[in-house]
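Structure first, commentary second.
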Amino acid sequence: MVSIFTGLALIALFFTSTTSAFSGNFELTNLFIASPIQADPFSTVSTHVEFDFCDQDTPEVGPTRCEVEWAVGLSPPKSGAHTCDNSSFIVTITKWSGVGNLTLDLAHEYIDNRYSPFTITQQLETDKVDSVGQAPYNVLTKHSNFTLSYPITPFYECDMDNARCQSCEGEAIIANITTAIA
């Protein structure tokens, strides 16, 4: 009977650690989107999406600049490779209906080296923040399937006549995590 309770307690401890490791969402700041062809059918200027991408769970990493650009007459790129300055962040545009309505797949993969309840040596550290475990189980990937929709998305302003949208200065647009994998 004691071993059943011990087993259940360890399982609960693992899931508590996993949950707290994924507690933060993504923040988008300094967002700017322009699609000149949407405003002027004779434009030859490419469509451009750029912003600073930050994961609330890794403030020590800080924001990274992300950009996606594609030529007139083409669809957004299908691959998210090389879209951000920090390669652990990836952005893919999964739905494009113009600057006022688009869906982004935002992803961040990182190694969680914080305190783990399963590691005796780390239990001696004074800064104990839950982790999901030891390598190779501490590689975390978080995704947000996030839609920017004007005028619904808070802090997202658009000039539809010129096909330009941006985040409000000094404000962060929050993208809730939809999937987390350890």
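Consider region 154-171. How many of its residues are assigned to a loop (DSSP other than H, G, I, E, B) and either touching a Cys at 6+ places or on another chain (Cβ under 7 Å) or closer than 16 Å to PHE53 by Cβ (or both)?
Going residue by residue through region 154-171, those that are assigned to a loop (DSSP other than H, G, I, E, B) are 154-155, 160-163, 168-171.
So of that shortlist, the ones also either touching a Cys at 6+ places or on another chain (Cβ under 7 Å) or closer than 16 Å to PHE53 by Cβ (or both) come out as 155, 171.
Number of matching residues: 2.
Out of all the residues in region 37-91, which are part of a strand (DSSP E or B), touching a Cys at 6+ places or on another chain (Cβ under 9 Å) and surrounded by fewer than 16 Cβ atoms within 10 Å (Cβ to Cβ)? Full working, then the answer.
Of region 37-91, the ones part of a strand (DSSP E or B) are 47-55, 64-70, 84, 89-91.
From what is left, the residues that are touching a Cys at 6+ places or on another chain (Cβ under 9 Å) are 49-53, 64-67, 84, 89-91.
Correct list: ARG65, GLU67.
Does ALA172 satisfy being among the aliphatic types (A, V, I, L, M), modelled with pLDDT under 95 and more than 24 Å from ILE37 (Cα to Cα)?
Values: among the aliphatic types (A, V, I, L, M): yes; modelled with pLDDT under 95: no; more than 24 Å from ILE37 (Cα to Cα): yes.
In short, no.
Test ILE181 against the criterion of being touching a strand residue (DSSP E or B) at 6+ places or on another chain (Cβ under 9 Å), modelled with pLDDT under 90 and over 30 Å from PRO36 (Cβ atoms), and give yes or no. Quick ask: steps written out before the conclusion?
Working: touching a strand residue (DSSP E or B) at 6+ places or on another chain (Cβ under 9 Å): yes; modelled with pLDDT under 90: yes; over 30 Å from PRO36 (Cβ atoms): yes.
In short, yes.
May I ask you to verify whether LYS78 is basic (Lys, Arg) and modelled with pLDDT under 95?
Working: basic (Lys, Arg): yes; modelled with pLDDT under 95: yes.
It is true that LYS78 is basic (Lys, Arg) and modelled with pLDDT under 95.
The values are calculated or read from the model by the stated rules, or taken from the named source; none is laboratory data. These numbers were taken from a predicted model, which means no experiment stands behind them. For neighbour counting, all protein chains shown are included, and Cβ atoms are generated from backbone atoms with ideal geometry for every residue, glycine included.
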